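Any read-out appearing in this document is the output of simple, stated calculations on the displayed coordinates, not a laboratory observation. Computed from a predicted model, the values in this text were never measured in an experiment. Positions of Cβ are generated from backbone atoms using ideal geometry, with glycine treated the same way; all protein chains shown enter the neighbour counts.
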Amino acid sequence: MDQILIIDDDVALCELVTEYLEPLGFQIESVHRGDAGAERALAGQPALVVLDVMLPGLNGFEVLRRIRSASKIPVLMLTASGDDIDRIVGLEIGADDYLPKPFNPRELTARIRAILRRTSPEALADRGPGKRLTVGDVELDNGTRAVSRAGEPVELTAVEFDLLDKLLRAAGRIVTREELSKQVLGRSSSPFDRSIDMHISNLRKKLGHRFGATERIKTVRGVGYIYAQPRAADGD
């Protein structure tokens, strides 16, 4: 049974979500303060954290920073409807996905299940041990889910790792935003959904925008992205 930690000061909402999710086989725990939520997330190691932005004690962004400083637990952020800034900041800090309030419980369940599917031990085992990808100065090991650039380790979130895996496997070819959204986030993208774009932006910051003279991850406007195949002179 997957344990879900909800960090939200809206007690009624937590109760409604619990009533909806528990019959579906989830074990739910709710915490109503940010500082207590961060402590509980790191102490209890739940399968997934559902985290609101507006919290007493410590806001959701600071909670996420504390979690990310010590753990790769998947985090789904709840943001105010129409507030793009909250979504962008949450994704930049390391949230796996976001859901605007008010939300349909079915959509919350779908998002939770999509995240858990790609981060479950079974899904990770299916990748096979020791399967390594190397493109230019970046090496990705699916067995350990480790990434290095020029021999130095790079810390990625679960979403960033899966995105990089898809891009490296298709190096030199366009991968559409829709493909990445379905394969990595487990859902179709919408015209105003910035999730994939923000995760790509985080990858660029962590890996470096260029490898030698080559732009590492190119944007194909209106279509998707290409992880560039390095040229012979790159990296010299």
**Item:** Charge dipole (debye, nearest 20) of region 3-100; +1 at Cβ of Lys and Arg, -1 at Cβ of Asp and Glu
**Value:** 440 debye
**Prompt:** Which residues' amide hydrogens lie under 5 Å from the amide hydrogen of R210, considering only partners 5 or more residues apart or on another chain, with H built in the peptide plane?
**Reply:** R216
**Request:** Taking the Cα centre of the chain as origin, work out the dipole magnitude from +1 charges on Lys and Arg Cβ and -1 charges on Asp and Glu Cβ, in debye rounded to 20.
**Result:** 1040 debye
**Request:** Of the options I217, P74, T119, report the single residue whose Cα projects farthest towards the positive end of the charge dipole of the chain (beta-carbon charges: Lys, Arg +1; Asp, Glu -1).
**Result:** I217
**Request:** Please list, in chain and number order, the residues 5+ apart from I6 or on another chain whose amide H is under 5 Å from its amide H, with Hs placed from the backbone.
**Result:** E29, S30, V31, V50
**Message:** Taking Rg and Dmax of the Cα atoms in Å straight from the coordinates, which label in (i) 16.9, 50; (ii) 25.1, 103; (iii) 18.2, 60 is the correct one?
**Reply:** (iii)
**Message:** Can you classify region 62-113 as rounded, prolate or oblate using the Cα gyration tensor, where a ≥ b ≥ c are the square roots of its eigenvalues, rounded means a/c under 1.5, and otherwise it's prolate if a/b beats b/c and oblate if not?
**Reply:** oblate
**Message:** What do you get for the angle between helix 34-44 and the principal long axis of the chain? Use alpha-carbon atoms, 0 to 90 degrees, nearest ten.
**Reply:** 70 degrees
**Fill in**
Within the under-12-Å Cβ sphere about R68, not counting R68, Lys/Arg +1 and Asp/Glu -1 give a net charge of -2
**Asked** Stretched out fully, how many nm does the piece from F103 to I85 gain, at 0.36 nm a residue minus the Cα gap?
**Response** 4.7 nm
**Request:** Distance check, please: which entries in K72/K218; K72/K182; K166/K205; K72/K205 exceed 24 angstrom between their Cα atoms?
**Result:** K72/K218
**Complete:** Note to self, the chain gives a 222 nm [θ] from helices alone (DSSP H runs n ≥ 4, -39500 (n - 2.57) apiece, / all residues, nearest 500) of -11500 deg cm²/dmol
**Message:** Among 194-202, 97-105, how do they line up by average Cβ neighbours within 10 Å per residue, starting with the highest?
**Reply:** 194-202, 97-105
**Request:** Step through the residues of region 13-19 one at a time and calculate ³J(HN,Hα) from phi using the Karplus curve (6.51 cos²θ - 1.76 cosθ + 1.60, θ = phi - 60°), rounding each to whole Hz and writing x for Gly and Pro.
**Result:** 5, 4, 5, 5, 5, 4, 4
